[in-house]
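Student: Mind having a look at this structure? Questions to follow.
Nothing in this text is a laboratory measurement; each read-out follows from the coordinates by a stated rule. Values in this document were obtained by computation on a predicted structure and should not be read as measured data. Cβ atoms come from the backbone with ideal geometry, glycine included; neighbour counts cover every protein chain shown.
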Amino acid sequence: MASTETRRVAIACQGGGSHTAFTAGVLSGVIRHSPADYDVTALSGTSGGAVCAMLAWQGLRRSDPEAALASLSGFWEDISAETVLERGLNAGLVFANRFTDEFGSVAVSPYYNPASDFGRAYLRRLLDRYVDIEQSVTAGESPDLYISAVDVLSGQFTVFENGDGGLDAVVASATIPNIYEATEIDGDYYWDGLFAQNPPIRHFTAADDPDEKPDEIWLVRINPRRTRTVPRSMNEILDRRNELAGNLSLEQELHTVGVINRFIANDVITDDRYKRIDVREVTLDWDLDYHSKLDRDPALIDDLFEYGRERASELWTPPRERD
């Protein structure tokens, strides 16, 4: 599939809980339909985006795109609330979260809630069903994988590379502080990557050799930049605060890429170690609130997945060529 015209692509997957079923759909579309002159050389992700990135990585790393596709679709089918009991509990949980955030309630620390570990353990079991870390690590050298979390004690942003930290790295990246206890890895404690890099970008460009840097970064954005109205209710305020927090580090890293591109174009930077990197993105543009990121309704997840698969071609199709 490689040729002299091959474009190296790094894909960054923003976090967003159940909304990242959209990301799984986008990755499926990329794997199935992207032109042969694009080569995915790296993936990064945070929280639900980290889940999707690892599911795609473990298949691509083994040169088995069908395995990546099966893992992406199978994981999201499994995580959906399919039984009558699961659907009832899911609907009740989402409603309760919206109600208490709007009108107030007594919050319970996950350290005093015996049920807090259930969701995290369930996520890990599902990942274990689809990902063999050791096999993926030794299968090849590309693509690379970067998963972000934050060290609770030191405050340092941490990026787990190419299977470091095992499945616990993904769990750590998805550890929402008010829902789950901090995830321990080798004596350190981690929270959701939303508080760190959402998702990692700078690691794509760290190599000294420009031939090892991507030609393009494809971003799957879950949190929109803009909103149409000023938030007024508590739920609307929480929604917008979550979107802004989720975009903060991402915008900083994208700004750096943009500045370097301008400096190269204007001959301010002439060092051969730098290269222009184009950034393309596809954004989930549905009007969904923060609490729906916890919603495992099968219809929502299926619709998000299919919508992502339909939108994937925007990453390699110039706007003028789209319908």
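Student: Taking a ≥ b ≥ c as the square roots of the Cα gyration tensor eigenvalues, with a/c under 1.5 meaning rounded and otherwise prolate when a/b beats b/c, else oblate, which class fits region 121-221?
Tutor: Values: a/c = 1.96, a/b = 1.34, b/c = 1.45.
Oblate, since a/c reaches 1.5 and b/c is not below a/b.
Student: Also: Calculated from DSSP H runs of 4 or more alone, at -39500 (n - 2.57) each and per residue, what is the 222 nm mean residue ellipticity of the chain, nearest 500? Kindly include the intermediate steps, with their values, before the conclusion.
Tutor: Details: 9 runs with 137 residues, N = 323.
Calculated from helices alone, the mean residue ellipticity at 222 nm is -14000 deg cm²/dmol.
Student: While we're looking at this one, here's another question. Pop the C-beta distance of Thr6 and Phe118 into the FRET formula with R0 = 30 Å and round what comes out to the nearest 0.05. Numbers along the way, then the final one.
Tutor: Details: r = 45 Å, r/R0 = 1.50.
It comes to 0.10.
Student: How would you classify region 189-295 from its alpha-carbon gyration tensor, with a ≥ b ≥ c the square roots of the eigenvalues: rounded for a/c under 1.5, else prolate if a/b is greater than b/c, otherwise oblate? Don't jump to the answer; show the numbers that get you there.
Tutor: Values: a/c = 2.81, a/b = 2.14, b/c = 1.31.
Verdict is prolate for region 189-295.
Student: Continuing with the same structure: Treating only the Cβ of Lys, Arg, Asp and Glu as charged (+1, +1, -1, -1), what charge dipole size does the chain show about its Cα centre? Round to the nearest 20 debye.
Tutor: Details: 31 positive and 54 negative charges, 169 e Å.
Taking the Cα centre of the chain as origin, the dipole is about 820 debye.
Student: Points 7 angstrom from Cα along the Cβ direction at Glu212 and Met234: gap in nanometres?
Tutor: 5.1 nm
Student: Under a plain spin-label model, where a point goes 7 Å from the Cα along Cα-to-Cβ, how far apart in nm are Glu134 and Glu306?
Tutor: Going from the Glu134 label point to the Glu306 one covers 4.1 nm.
Student: What is the distance in Å between the Cα centres of region 45-70 and region 244-323?
Tutor: That distance is 18 Å.
Student: Stretched out fully, how many nm does the piece from Ala299 to Asp267 gain, at 0.36 nm a residue minus the Cα gap? All intermediate terms of the calculation are to be shown ahead of the outcome.
Tutor: Working: separation 32, 0.36 × 32 = 11.52 nm, distance 5.13 nm.
Taking 0.36 nm per residue and subtracting the Cα distance, the gain is 6.4 nm.
Student: With a cap of 14 neighbouring Cβ atoms within 10 Å, and only residues DSSP puts in a loop, list the GluC sites (Glu not before Pro) found in region 1-80. Before the final figure, lay out the partial values.
Tutor: Details: sites: Glu5, Glu66, Glu77; in loops: Glu5.
Qualifying residues, ordered by number: Glu5.
Student: Assuming 0.36 nm per residue, please report the length gained on full extension of the stretch Glu161 to Arg62 beyond their Cα-Cα distance. Don't skip to the end; give the middle numbers.
Tutor: On the way: separation 99, 0.36 × 99 = 35.64 nm, distance 1.66 nm.
Between Glu161 and Arg62, full extension yields an extra 34.0 nm.
Student: Separate question: Of Tyr112, Asn266, Ala70, which is farthest along the charge dipole of the chain in the positive direction, counting Lys and Arg as +1 and Asp and Glu as -1 at C-beta?
Tutor: Asn266
Student: Counting only trypsin sites (Lys or Arg not before Pro) that are in a DSSP loop and have at most 12 other C-beta atoms within 10 Å, tell me the longest site-free stretch of the chain. Mind showing how you got there, number by number?
Tutor: On the way: sites that count: Arg225, Arg226, Arg228, Arg232, Arg273, Arg322.
Result for the longest clean stretch: 1-224.
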